[in-house]
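For reference, the structure is listed below as structure tokens.
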Amino acid sequence: MSEPTDDGLYRDPDLAQFYDAANTWGVDFDYCMALATDAASVLDLGCGTGELATALAQNRAVTGVDPAAAMLDIARKRPGGHEVTWVQADARSVRLDDRFDLVLLTGHVFQVFLTGKDQKAALSTIAAHLKPNGRFIFDSRNPVLRTWENRNRRNSLHQLDHPQLGRIEAWNEPSFDETTSILTYENGYRVLDTGKVFSASAQIRYTPQDELADMIESAGLVVEKWLGGWEGNPYHPMAEEIIPFGRLA
Ligand SMILES: C[S@@+](CC[C@H](N)C(=O)[O-])C[C@H]1O[C@@H](n2cnc3c(N)ncnc32)[C@H](O)[C@@H]1O
């Protein structure tokens, strides 16, 4: 395994406290809730602050895995958080003595794996935890769209509401390395009341769909359906998202 993937953005409690204000319930979570209707057990790899895992746990057994203690601390304290089995571990290497009906990664967790080797390790973890009839799903942004271009601190500035800190100004400044396909971005937050600034940089990798398809096959998995977005639209070369949905081969 190469570098750790636990960026300060998630590891540092000062930064993790902004995650829920910046990332609210979306169509990805709606899609996964519907997908889990018949699942008795779900594994959420890279569960973060656990909003989806906790909602899923209302009707089934859910395990949430994440290496970042700061994110899991928020998850545990969430209403209903006690219903989930939280495991502090790395999705590249974790081996739970269990198999699940549904294994999912949301919020582009798959992109935190920065090398082909790490991506294959994460795919092997998915395969090692699927029941014979289980299904997996995850999302990765489509590199073809080059959405990082022309984005900078100034034009990404927006405001958020934090339940304790009040109004927050947030920004995101990316820089893309063409040789590694790794995007490094600085995430910043300024609390308007106090002027206090919190910032951390993080990295994600962009993988083309054909490369992903080869890796998935090598991991002993089969894709039944490629989606191009969490609205359920099929994948096409200019789709925003690359979302494989599949099972064990
Ligand atoms: C963008 S957040 C997504 C959280 C959640 N899945 C969601 O949809 O809100 C990325 C998460 O990946 C986690 N992560 C980073 N490295 C990881 C690894 N090696 N294994 C599992 N999760 C990892 C981070 O700690 C963080 O919680």
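Quick notes
- For LYS225, the lysines whose Cα comes closer than 21 Å to its Cα, not counting residues fewer than 8 places off in the same chain, are LYS120, LYS131.
- Which of LYS77, LYS120 has the fewest Cβ neighbours within 10 Å, and the rest in rising order: LYS77, LYS120
- Paired Rg and Dmax values of the stretch 103-148, which use every Cα atom, in angstrom: 12.1, 39
- Residues with amide H under 5 Å from that of ASP139, placed H, sequence gap 5 or more: LEU105, HIS108, VAL109, PHE110
- Positive minus negative residues near ASP98 (Lys, Arg vs Asp, Glu; Cβ under 14 Å): +1
- Net charge over other residues, Cβ less than 9 angstrom from the Cβ of PRO132 (K, R count +1; D, E count -1): +3
- For the stretch 144-205, the calculated P(r) over all alpha carbon pairs, in 10 Å bins from 0 to the bin holding the longest distance, is 21, 45, 25, 9, 0 percent.
- Environment charge of PHE198, counting only residues whose C-beta is closer than 15 Å and scoring Lys/Arg +1, Asp/Glu -1: -3
- By the equivalent-ellipsoid construction on the alpha carbon gyration tensor, the chain comes out with semi-axes of 28, 23, 16 Å, ordered largest to smallest.
- Kyte-Doolittle mean at least -1.0, axial Cα span of 15 Å or more - DSSP H helices of the chain: 116-128
- Estimated FRET transfer efficiency (ARG151, LYS77; beta-carbon r; R0 35 Å; 0.05): 0.60
Rule-based calculations on the coordinates, nothing more; no lab input. Small disclaimer: the values here were computed from a predicted structure and weren't measured. Glycine gets a Cβ as well: all are built from the backbone with ideal geometry, and neighbour counts include every protein chain shown.
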